[in-house]
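I have placed the structure first, in the form of C-alpha cells, so that the comments after it can refer back to it.
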Amino acid sequence: MSELSRRRRLLILAICCMSLFIVGLDNTIVNLALPSIKRELGSSLSSLQWTIDAYTIVLASLLMLSGSVADRVGRKRTFQIGLVLFGIGSLLCGIAPNTGLLIAFRALQAIGGSMLNPVAMSIITNTFTDPRERANAIGVWGGVIGLSMALGPVLGGVLVDAVSWRSVFWINVPIAALAVLLVALFVPESRAQHARRLDPVGQVSVMLVLLGLTFGIIEGPHTGWTSPLILGCFAVALAALVFLIGYERRIAEPLLNPRFFRSIPFSGATLIAICAFAALSGFLFLNMMYLQSVRGFSALHAGLLTIPMAAANAIFAPLSGRIVGSVGPRIPLLIAGASILGGGIMLTGIGTQTSLLYLGVAYLLFGIGFGMVNAPITNAAVSGMPRAQAGTAAAVASTSRQVGASLGVAVLGSVVTSNITGPFGSGFVDASRLTWWIMAAIGVAIVVLALLTTGRRAVASAAAVVPQEPSEVRSA
C-alpha cells in the first residue's frame, strides 16, 4: 500500500480513536450507573461485580484471538464487525429486564469490544511507521481515554438522572453506527503477510484461567473460600494455566509466543498494565458506590466530583506520549507509580464526612497516575513485536489491561464483601480501607517495575527478541 498523506493518517487516527472513546465511555458510565441498577433490578454486590467482569473477562479472553484474526482476514473488516456487535450488545443491555440478562448482553457487547481497541491500535501502528510519530499518536490515543473519562461521569450522571441507567448503553449505538460508516469510507484494508494460525486450544485455556479465577474470587465470600465449588474453580484455573504454558511452548504458532516474554520491557509492560488497571477498575467500582450509596450524592453529582481525575488523565496522557517519544518510558512510569501511591494513601483516610476538597486532591493524583501509565505500556507492546504482528501485539497490551480490570473488581470487591459489617455506610467505609492500601501498594509495584524494565539490560533483551520475527508488510 502506498504511503498515506499526513492528513489521511490523522483522519485514520481520529476514526480509530472513536472505538476507544465508546469503550472508555461505556466503562465509566456503567460504573456510575451501578447504584441505579442495584435499586431497579434488586442486584446484589456480587451481581454488580459480574456486570463489570462479564464484560472484561470475555474481552480479555478474546482480544488476542481478535488480533490474530484481524492480521489474517483484514483489520478493517474485523474492526467493522466489532463495531456492529458492540452496538447491538449495547442496545440489548439497555432493554435487559433483569440482572442475569444484563450480564449476558454485557458478554455479547464484549465480543464486539474485543475487535475494537487492539485492531484499531494495529491499524494505527501500521499507519504511523515513524517511531516518534507513532509514540505521539499513541499519546493522542491515551488522551482519548482521558476525554472519555471526563465526559463519561458527567454525561452518565445526566442520563441516569434525566432518563435512566438504560440510556447509558443506548448512547453507544449511534456512535458505533457512525464509526462503521467512516471506517468504510476512509480506512484502507491491511493484513499481515504472515498471520499466525488460530489456536483454539490456547484460546479455551485462556478463558478457563480467567473464568475460574474470577468466579472463585467473586463468589468466594458468599459460598465459602474452602467450599468444593470455589476450590474447584481455583484448581481449574491453575491447571489450565500450567497446561497453557506448556502447550504454547510446543506448537509452531501459539496464541501468544512465550518467547516474547524474554523481552524485559514487554514483560514489564504487561505486569504494569495488570497492576494499573486493577487499581483503576477497583477505584471506579468502589468509588461510585461510596459517593452514591454512602455519601448519598446523585449520579450527576458523583460524576462531577470525579472530573479532577478525568481532567488530569486527559492532560497527562498525551504529555506521557510525547515524553515516551523523546526520552523513553521510565519517567512517565515513575510519575504514574508515585501518583497512584499518593492517591491510594489519601483514600485510606476517607470517611462518611470527608471533605470534597480532600477527595478532589486524591482523585487528581489518581488521574495523573493513570494518564501517565497508558502510553509507555502500549508503546512497549507494539515496539516489542514486529509490525507484521501488530494485531497480536496490541491485543497483548489490551488483554493485560482487561485482566487487571477483571481482577481489580473481583479482588477489591470481594475484600469489601468479606469485611463489611454493620450499617452499609460506615461498614462500607471500614471494609474498603484495606482496598485503598492495596492500591497504594500497586503504586509501589509500578515504581519498582519501572526501574527494573527500563535499563540498558532490559532494552538489550527486547532487541534480542524482535529481529527473529518476519518483517512487517502492509497489504491493500
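Each Lys and Arg Cβ is given +1 and each Asp and Glu Cβ -1; about its Cα centre, the chain then shows a dipole of about 1000 debye. Think of the chain as having a plus end and a minus end, set by charges on the Cβ of Lys, Arg, Asp and Glu; of THR454, GLY100, ILE57, THR454 sits farthest toward the positive end of this dipole. Across the range 334-375, C-alpha contacts under 8 Å between residues 6 or more apart give a mean separation that, scaled by the residue count, equals a relative contact order of 62 percent. Rolled with a 1.4 Å probe across the full set of protein chains, the surface gives ILE345 an accessible area near 80 Å². At a 1.4 Å probe, what is the % contribution of carbon and sulfur to the accessible area of the chain? On the chain, the fraction of accessible area on carbon and sulfur atoms equals 70 percent. Summarised as an ellipsoid, the chain has semi-axes of 33, 24, 23 Å, derived from the eigenvalues of the Cα gyration tensor scaled by 5 and square-rooted, with the largest first. For the pair SER298 and SER418, label points projected 7 Å from Cα toward Cβ lie 3.9 nm apart.
When only Cα pairs below 8 angstrom with a gap of at least 6 residues are kept, the chain shows a relative contact order of 25 percent. A Förster radius of 25 Å combined with the Cβ-Cβ distance from LEU101 to THR226 puts the calculated FRET efficiency at roughly 0.20. As a length-normalised measure over Cα pairs under 8 Å and 6 or more apart, the relative contact order of the range 205-355 settles at 13 percent.
Panel values: the range 44-101, Kirkwood radius from alpha carbon pairs, Stokes-Einstein at 20 °C and 1.002 mPa s, translational diffusion coefficient 164 µm²/s. Dividing the helix sum by the residues of the chain, where each DSSP H run of 4 or more adds -39500 (n - 2.57), gives a mean residue ellipticity at 222 nm of -27500 deg cm²/dmol.
The values are calculated or read from the model by the stated rules, or taken from the named source; none is laboratory data. Small disclaimer: the values here were computed from a predicted structure and weren't measured. Cβ sites come from the backbone with ideal geometry, for glycine too, and all protein chains shown count toward neighbours. For accessibility, only protein heavy atoms count, side chains too; no ligands or nucleic acids. Shrake-Rupley method; radii C 1.70, N 1.55, O 1.52, S 1.80 Å.
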